[in-house]
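Undergrad: Pasting in a structure now, in structure tokens, and then I'll have a few things to ask.
The values are calculated or read from the model by the stated rules, or taken from the named source; none is laboratory data. These numbers were taken from a predicted model, which means no experiment stands behind them. Note: ideal-geometry Cβ built from the backbone for every residue, glycine included; neighbour counts use all protein chains shown.
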């Protein structure tokens, strides 16, 4: 994954299920086609604080300060709806839940992960919401890709250790139609590269009809800080 684009002096923190693959491919393609210097890679979902430490370790601390730092954020209820369908598709389409050539990896998968998968695939959306737990809960599978582990809150990707924003700006997933203006005004790229849509999930409009009242409240409590930081509500 690509978080740092030296040619356009931009650092991007990819929050899961916020069109991150589309953003990365768009900026990577633009940088490569225009020979705009190095692209520094790291893990797929790094927080902006992680990226700050990463640049310091590579003697690029000043570059972090000078770069434009941003993320895409998303309505928490919509994001969880997308996460559910993403996991359902992954577990249904991959043999044994993994690509067929990953036998070395699957040998290390704990048996509880397969039990969780079977339980998950039998659930509807609201039942799943009511069975989500924080990673590490002893009642559930400890596999890192267990479908019952809570997906990390978005605010954690964009704040420092004191809880202050460490990004320069963010674009809402719901406003991706403003991508051209955002890139032109905030990154200084004109004309802006058109956003390449990848890994597109179900329509965002469908999430409202999928929730019952109990699940609405669970997500409101689980992602209270996201709601507070970014001003979201259910609709």
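Undergrad: Only one of 170, 164, 148, 157 is more than 17 Å from the chain's Cα centre (by Cα) and either free of Cβ contacts under 8 Å to residues at least 60 places away in the same chain or surrounded by 13 or more Cβ atoms within 10 Å (Cβ to Cβ) (or both). Can you tell me which?
TA: From the options 170, 164, 148, 157, the qualifying one is 164.
Undergrad: Going through the stretch 148-164 one residue at a time, which ones are at pLDDT 95 or above and outside any loop (DSSP other than H, G, I, E, B)?
TA: Of everything in the stretch 148-164, those that are at pLDDT 95 or above and outside any loop (DSSP other than H, G, I, E, B) turn out to be 155, 156, 157, 159.
Undergrad: Checking residue 109 against (1) at pLDDT 80 or above; (2) in the same structural domain as residue 125 (by TED's automatic domain parsing); (3) part of a loop (DSSP other than H, G, I, E, B): exactly one of these is not met. Which one?
TA: Going through (1) at pLDDT 80 or above; (2) in the same structural domain as residue 125 (by TED's automatic domain parsing); (3) part of a loop (DSSP other than H, G, I, E, B) one by one, residue 109 breaks only (1).
Undergrad: In this structure, does residue 189 turn out to be crowded, with 19+ Cβ neighbours inside 10 Å, outside any helix (DSSP H, G or I) and out of contact with any strand residue (DSSP E or B) (no Cβ under 8 Å at 6 or more places or on another chain)?
TA: no
Undergrad: Next question. Quick one: is residue 183 without any contact (Cβ under 8 Å) to a residue 12 or more places away in the chain and part of a helix (DSSP H, G or I)?
TA: So residue 183 passes the test.
Undergrad: Could you list all residues from the stretch 115-136 that are under 20 Å from the mean Cα position of the chain (by Cα) and over 13 Å from residue 149 (Cα atoms)?
TA: Within the stretch 115-136, just 125 meets the criteria.
Undergrad: Test residue 178 against the criterion of being surrounded by fewer than 19 Cβ atoms within 10 Å (Cβ to Cβ) and assigned by TED's automatic domain parsing to the domain that holds residue 29, and give yes or no.
TA: yes
Undergrad: Would you call residue 183 buried (at least 17 other Cβ atoms within 10 Å of the Cβ), farther than 14 Å from residue 81 by Cα and either more than 16 Å from the chain's Cα centre (by Cα) or not assigned by TED's automatic domain parsing to the domain that holds residue 27 (or both)?
TA: Yes, satisfied.
Undergrad: Just one of the numbered conditions (1) surrounded by 15 or more Cβ atoms within 10 Å (Cβ to Cβ); (2) in contact with a strand residue (DSSP E or B) (Cβ under 9 Å, 6 or more places away or on another chain); (3) closer than 29 Å to residue 8 by Cβ; (4) modelled with pLDDT of 80 or more is not true of residue 60; which one?
TA: (4)
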